[in-house]
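Trainee: Below: one structure in structure tokens.
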Amino acid sequence: MLQEKEDIFFMKKVISLAQKARGMTSPNPLVGAIIMKNNSICGQGYHHKAGTPHAEIMALRQAKSMAKGSTLYVNLEPCCHCGKTPPCTKAIIEHKIKRVVIGMKDPNPLVAGKGIEELEKAGISVTVGVMEESAKKLNEIFCKYITTGMPYITMKTAVTLDGKIATYKGISKWITGESARQYVHKQRFIHDAVMVGIGTILKDDPLLTCRLPGKKNKLMTRIIVDSKGTIPLTARVLMESPWHRTIVAVTKEITSNKSLSLKTGNTEVVVTKSKNGKVDVFDLFHLLGKKGITSILLEGGGTLNAAVIEDNLADKLLMFIAPKIIGGTHAPTFIEGIGKSTMDEALNLSFSQQKWFDNDLMLEYYFKPAQ
């Protein structure tokens, strides 16, 4: 029992370490590592970004000779294959680590238990599954992408108490307060891309960048779902931040001249299959996954959100509820489309957590079980 409590205590510290790089490691997972010997930490580290040393290597470098006979805590199974960096299992074995405590197995088919097996064959004691649910939530984006090739979709919406996302005239600035909007920018930072429909571009003309202090330099990918390619060439997302990547998703209905006009600088056009005359979002997400986009913050309107839900593509919902009432039959809601005909057909979401941002309440739900 004492060992179990100790394992949980240090796994919490490992997960906290890993979170320091949130938004920076894609397409790699978030990983932290701590090396314990004689009741003290002799080495620790976390994976900073893709291409840099893994967490285990950072911890081993700090521990040096103290690593011999120690216990290594890591939230994800150590890798056993050569990617951009050498395998961590080899380094762990060479440093004569005595015991390895792991939060979760690596869902990557190239690892998937092989790292654990390699450590055990070398005579190292391995404990797996300490704080497993927390470890899976930490890397929910990585888990989905590495097993399906599809990006993780977080649907974000801000609504009034009566469920409206704008007035009947289309005015939506601002439903929530400043602190809630700052949290949304944090979500933009930790996702690979931000996605909106053409309606949002035409109404609000947003930049779709992260404007958090100290995080403005992250290169963003902005995705505009625009079936017919009607986006104005003067849109701010195209004109005012050319160093960021912009993808305009269209169908074959776009004219060749407009397509050529859009293909400038960091802007590219992705032609998808058509579904009911609109972009087929399943095909789009498949194509985006092939481009290495592991996660998307969907800030769409009711039409785009409905299409994503209809194809069962959303993973998480972040709903911000402001203490305001707009009213009006024609004021839009965050899910449009035909909708369900009976309550039995209604989607049942799984509650995750809630947070307050001044007077605004954020509710976090999952559309489907975690991978």
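The values are calculated or read from the model by the stated rules, or taken from the named source; none is laboratory data. These numbers come from a predicted model, not from an experiment. Ideal geometry is used to build each Cβ from the backbone, glycine not excepted, and the neighbour counts take in all protein chains shown. Quick note on the areas: whole protein, heavy atoms, side chains included, nothing else; ligands and nucleic acids left out. Shrake-Rupley method; radii C 1.70, N 1.55, O 1.52, S 1.80 Å.
Trainee: Being in contact (Cβ under 8 Å) with a residue 60 or more places away in the chain, open to solvent by 30 Å² or more (accessible area, probe 1.4 Å) and more than 19 Å from the chain's Cα centre (by Cα), is that true of even one residue in segment 121-129? Break it down into steps so the answer makes sense when it comes.
Mentor: Our first condition is that a residue be in contact (Cβ under 8 Å) with a residue 60 or more places away in the chain; within segment 121-129, this holds for 127.
Pick out the ones that are also open to solvent by 30 Å² or more (accessible area, probe 1.4 Å) and you get 127.
Next, from what is left, pick out any that are more than 19 Å from the chain's Cα centre (by Cα): 127.
There is at least one residue in segment 121-129 that is in contact (Cβ under 8 Å) with a residue 60 or more places away in the chain, open to solvent by 30 Å² or more (accessible area, probe 1.4 Å) and more than 19 Å from the chain's Cα centre (by Cα).
Trainee: Can you pull out every residue in segment 7-26 that is charged (D, E, K, R) and either open to solvent by 70 Å² or more (accessible area, probe 1.4 Å) or within 19 Å of K186 (Cα to Cα) (or both)? Working first, answer last.
Mentor: Keep residues of segment 7-26 that are charged (D, E, K, R), which gives 7, 12-13, 20, 22.
Hits for segment 7-26 are K12, K13, K20, R22.
Trainee: For the structure I just gave you, tell me whether A135 is in a strand (DSSP E or B), in contact with a helix residue (DSSP H, G or I) (Cβ under 8 Å, 6 or more places away or on another chain) and among the small types (G, A, S). Outline the logic, then answer.
Mentor: On the way: in a strand (DSSP E or B): no; in contact with a helix residue (DSSP H, G or I) (Cβ under 8 Å, 6 or more places away or on another chain): yes; among the small types (G, A, S): yes.
No; evaluated as a whole, the condition is false for this residue.
Trainee: Just one of M36, M24, M58 is part of a loop (DSSP other than H, G, I, E, B) and either aliphatic (A, V, I, L, M) or more than 19 Å from the chain's Cα centre (by Cα) (or both); which is it?
Mentor: Working: M36 fails: part of a loop (DSSP other than H, G, I, E, B); M58 fails: part of a loop (DSSP other than H, G, I, E, B).
Sole residue among the options that is part of a loop (DSSP other than H, G, I, E, B) and either aliphatic (A, V, I, L, M) or more than 19 Å from the chain's Cα centre (by Cα) (or both): M24.
Trainee: So, in segment 143-161, of the ones that are part of a strand (DSSP E or B) and out of contact with any Ser or Thr (no Cβ under 6 Å at 6 or more places or on another chain), which residue ends up nearest to P86 (Cα to Cα)? Working first, answer last.
Mentor: In the first step, residues of segment 143-161 are kept if they are part of a strand (DSSP E or B); the result is 152-160.
Still in the running and out of contact with any Ser or Thr (no Cβ under 6 Å at 6 or more places or on another chain): 153-157, 159-160.
Details: I153: 31, T154: 33, M155: 36, K156: 38, T157: 42, V159: 48, T160: 51 Å.
Filtering first and then ranking leaves I153.
Trainee: Say we look at segment 224-264 and pick out the residues that are without any contact (Cβ under 8 Å) to a residue 12 or more places away in the chain and among the polar types (S, T, N, Q); which of these is nearest to P27 (Cα to Cα)?
Mentor: Filtering first and then ranking leaves T264.
Trainee: Taking segment 27-42 on its own, how many of its residues are surrounded by fewer than 20 Cβ atoms within 10 Å (Cβ to Cβ) and closer than 21 Å to D192 by Cβ?
Mentor: 1
Trainee: Select from segment 218-257 the residues that are within 20 Å of the chain's Cα centre (by Cα), modelled with pLDDT of 90 or more and over 14 Å from V279 (Cα atoms) and list them in ascending order.
Mentor: T221, R222, R245, T246, listed by residue number.
Trainee: Would you be able to tell me the number of residues in segment 60-78 that are in contact with a Cys (Cβ under 9 Å, 6 or more places away or on another chain), closer than 20 Å to S40 by Cβ and open to solvent by less than 50 Å² (accessible area, probe 1.4 Å)?
Mentor: 5
Trainee: Kindly indicate whether L298 is within 18 Å of the chain's Cα centre (by Cα), hydrophobic (A, V, I, L, M, F, W, C), at pLDDT 95 or above and farther than 20 Å from K136 by Cβ. Spell out the reasoning first.
Mentor: On the way: within 18 Å of the chain's Cα centre (by Cα): yes; hydrophobic (A, V, I, L, M, F, W, C): yes; at pLDDT 95 or above: yes; farther than 20 Å from K136 by Cβ: yes.
So L298 fits the description; yes.
Trainee: Looking for whichever is crowded, with 18+ Cβ neighbours inside 10 Å, touching a Pro at 6+ places or on another chain (Cβ under 9 Å) and either free of Cβ contacts under 8 Å to residues at least 12 places away in the same chain or among the hydroxyl-bearing types (S, T, Y) (or both) here; the options are T221, T267, T272. Which one fits?
Mentor: Working: T221 fails: touching a Pro at 6+ places or on another chain (Cβ under 9 Å); T272 fails: touching a Pro at 6+ places or on another chain (Cβ under 9 Å).
Only one candidate passes the filter, namely T267.
Residues are listed down the side, and each one gets a yes or a no for (1) open to solvent by 20 Å² or more (accessible area, probe 1.4 Å); (2) more than 30 Å from S352 (Cβ to Cβ); (3) outside any loop (DSSP other than H, G, I, E, B):
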position: C80; (1), (2), (3): yes, yes, no
position: A112; (1), (2), (3): yes, no, no
position: L119; (1), (2), (3): no, yes, yes
position: I141; (1), (2), (3): yes, no, yes
position: K169; (1), (2), (3): yes, yes, no
position: K173; (1), (2), (3): yes, no, no
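Trainee: Output the residues belonging to segment 269-306 that are in a strand (DSSP E or B), of a type in the set (S, T, Y) and in contact with a His (Cβ under 9 Å, 6 or more places away or on another chain). Walk me through it before giving the result.
Mentor: Narrowing segment 269-306 to residues in a strand (DSSP E or B): 269-271, 274-275, 278-279, 295-298.
Still in the list and also of a type in the set (S, T, Y): 274, 295.
S295, the sole residue that qualifies.
Trainee: Could you please find all residues in segment 82-110 being more than 22 Å from the chain's Cα centre (by Cα), open to solvent by less than 70 Å² (accessible area, probe 1.4 Å) and charged (D, E, K, R)?
Mentor: Residue satisfying the conditions is R99 alone.
Trainee: Kindly provide the set of residues from segment 130-139 that are at negative phi and either over 15 Å from the mean Cα position of the chain (by Cα) or open to solvent by 40 Å² or more (accessible area, probe 1.4 Å) (or both), ordered by number.
Mentor: If the condition is that a residue be at negative phi and either over 15 Å from the mean Cα position of the chain (by Cα) or open to solvent by 40 Å² or more (accessible area, probe 1.4 Å) (or both), then V130, E132, E133, S134, K136, K137 are the ones that fit.
Trainee: Related question: Just to be sure I understand the filter: pairs with C-beta atoms under 7 Å, separated by 6 or more residues or on different chains, first member in segment 8-31 and β-branched (V, I, T), second member assigned to a helix (DSSP H, G or I). Which pairs pass?
Mentor: Every condition considered, the pairs that remain are I15/S134; I15/A135; I15/L138; V31/A18; V31/A55.
Trainee: Taking segment 325-371, which residues are in a loop (DSSP other than H, G, I, E, B) and either open to solvent by 100 Å² or more (accessible area, probe 1.4 Å) or of a type in the set (S, T, N, Q) (or both)?
Mentor: At the first step, the residues of segment 325-371 found to be in a loop (DSSP other than H, G, I, E, B) are 325-332, 334-342, 346-349, 358-359, 367-371.
Listed by number, the residues that qualify are I325, T329, H330, I338, K340, S341, T342, N348, D358, N359, P369, Q371.
Trainee: Could you check segment 293-313 and list, in sequence order, the residues that are in contact with an Asp or Glu (Cβ under 8 Å, 6 or more places away or on another chain) and open to solvent by 30 Å² or more (accessible area, probe 1.4 Å)?
Mentor: So the first thing to find is which residues in segment 293-313 are in contact with an Asp or Glu (Cβ under 8 Å, 6 or more places away or on another chain), and the list is 293-296, 301-303, 305-306.
Scanning segment 293-313 gives a single hit, T303.
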